[in-house]
Amino acid sequence: MLDPRIVKLAETLLNHSVRLQEKECLLIEVRGEGHALAKELIRQAYAKGAYPFVRFIDPAIQRELMMGADEKRAGYLVKWEEPMFKDIQAFIVINGPANDSEAADVPIERRRAHQSVMQPLHDYITSHVRWTLLNYPTPAMAQSANMSTEAFEDFYFDVCSLDYQKMHEAFLPLKALMERTDNVRLIGPGTDLTFSIKGIPSVICSGEANIPDGEIYTAPVRDSVNGTITFNTATTYLGTRFENVRLTFENGRIVEATANHTKKLNEILDSDEGARYIGEFAIGVNPYILHPMNDILFDEKIAGSFHFTPGRAYENADNGNRSQVHWDMVNIQRPEYGGGEIWFDDVLIRKDGLFVLPELEALNPDKLKG
């Protein structure tokens, strides 16, 4: 019997996230597990009079392909895929790997060669296709969250079934405040960082591009970042788990970077010129996500968190930074993680993970859940 929560999730994805309409083409990409959700998406897409298509990617086979990848191969892939993506209006990616470190040993130079050629197509998809990405609840995800599979599934569907329209409305005062703010200061253990967000749009994320969701992002003025930031949440990038990442900035550029894998961290930051500048600053608010899972789709939405992103800026919140890297690094400011503060133009807006301005209190966990 089909889990009714899958039916509800499919409805959210089609009606809220990608807003699928009659006669539109929908591509569903399944990376590993997630067949039950894909089947339900197909049923509901047909019921809308839309045209669903599916492709499956096996992570182990994808790893083998990447082990020998080069720019010439990536060029063929772009040539074949570009017409397909220009013929679709909606794109849903279901990410369900049995091992989220499957590609950890793919050489970084292979990844760089592939990403550099594919980046323009990825940018086109991000800007011109209504897309959403979600992780499917797998035993590997449950293990990463230190939960039983059953308990993790319950948690997952609670998170994904949040009232995202209510969240969107609660974000509106913060969006207005961010768009009239010049100077931001982040304070916390190992962190004292300043930068400007003047003139750069703020974008609400409330269930459109990601499920689960719950963040608002902008970007710092590219050369305005100064100070030091220490991240208290582990982050996995290119299959390697990094802990205790500490970055020091001068005039926007990362001039010092350390972690448990300092050499590999700096290799990634040396991928191109833009990788040592920041492309995104975001504030997370999802009331059901409280602790890190080493899964960025969840961790970047943790209530009381922010993330700061070396690499590429989004076109809809653009500071001009370009890079093949886009690496969200998360800091949690709730008291049990050491606390912290966010200041906008010398006014405290959030302390120890809770918004203190009356117009922003609807974004605090008790209000978003209620």
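The values are calculated or read from the model by the stated rules, or taken from the named source; none is laboratory data. Keep in mind that what you see is a predicted model, and the values were worked out from it rather than measured. Cβ atoms come from the backbone with ideal geometry, glycine included; neighbour counts cover every protein chain shown. What goes into the accessible areas is simple: the full protein's heavy atoms, side chains included, and nothing from ligands, DNA or RNA. Shrake-Rupley method; radii C 1.70, N 1.55, O 1.52, S 1.80 Å.
If the condition is being assigned to a strand (DSSP E or B) and open to solvent by 10 Å² or more (accessible area, probe 1.4 Å), then region 293-305 contributes no residue at all. Contact map, region 178-200: residues that are within 9 Å of Pro220 (Cα to Cα) and of a type outside the set (A, V, I, L, M, F, W, C) paired with residues that are at pLDDT 95 or above and open to solvent by 20 Å² or more (accessible area, probe 1.4 Å), Cβ distance under 7 Å, separation 6+ or inter-chain. Pairs shown: Ser196/Asp182; Ser196/Asn183; Ser196/Val221; Ser196/Ser224; Lys198/Asp182; Lys198/Val221.
Within region 248-273, residues that are within 18 Å of Ala234 (Cβ to Cβ) sit with their Cβ atoms under 6 Å from residues that are part of a helix (DSSP H, G or I) and not hydrophobic (A, V, I, L, M, F, W, C), at 6+ positions apart or across chains, in these pairs: Ala257/Asn266; Leu269/Arg276. Residues in region 162-200 that are surrounded by fewer than 17 Cβ atoms within 10 Å (Cβ to Cβ), over 26 Å from Asn251 (Cα atoms) and among the small types (Gly, Ala, Ser): Ala176 only. Taking Leu265, is it surrounded by 21 or more Cβ atoms within 10 Å (Cβ to Cβ), at negative phi and either in a helix (DSSP H, G or I) or of a type in the set (S, T, N, Q) (or both)? Taking the combined requirement at face value, the residue satisfies it. In this structure, does Gly279 turn out to be touching a residue at least 60 places away in the same chain (Cβ under 8 Å), surrounded by fewer than 17 Cβ atoms within 10 Å (Cβ to Cβ) and not in a helix (DSSP H, G or I)? No; evaluated as a whole, the condition is false for this residue.
Only residues that are in a loop (DSSP other than H, G, I, E, B) and surrounded by fewer than 17 Cβ atoms within 10 Å (Cβ to Cβ) were counted in region 1-35, giving 7. Per the listing Asn294, Asn319, the residue uniquely polar (S, T, N, Q) and modelled with pLDDT of 95 or more is Asn319.
Looking only at residues of region 153-177 that are modelled with pLDDT under 85 and assigned to a helix (DSSP H, G or I), we find that the one that is nearest to Glu361 (Cα to Cα) is Val159. Restricting Asp270, Asp318, Asp366 to residues that are within 30 Å of Asp154 (Cβ to Cβ) and surrounded by fewer than 23 Cβ atoms within 10 Å (Cβ to Cβ) narrows the list to Asp366.
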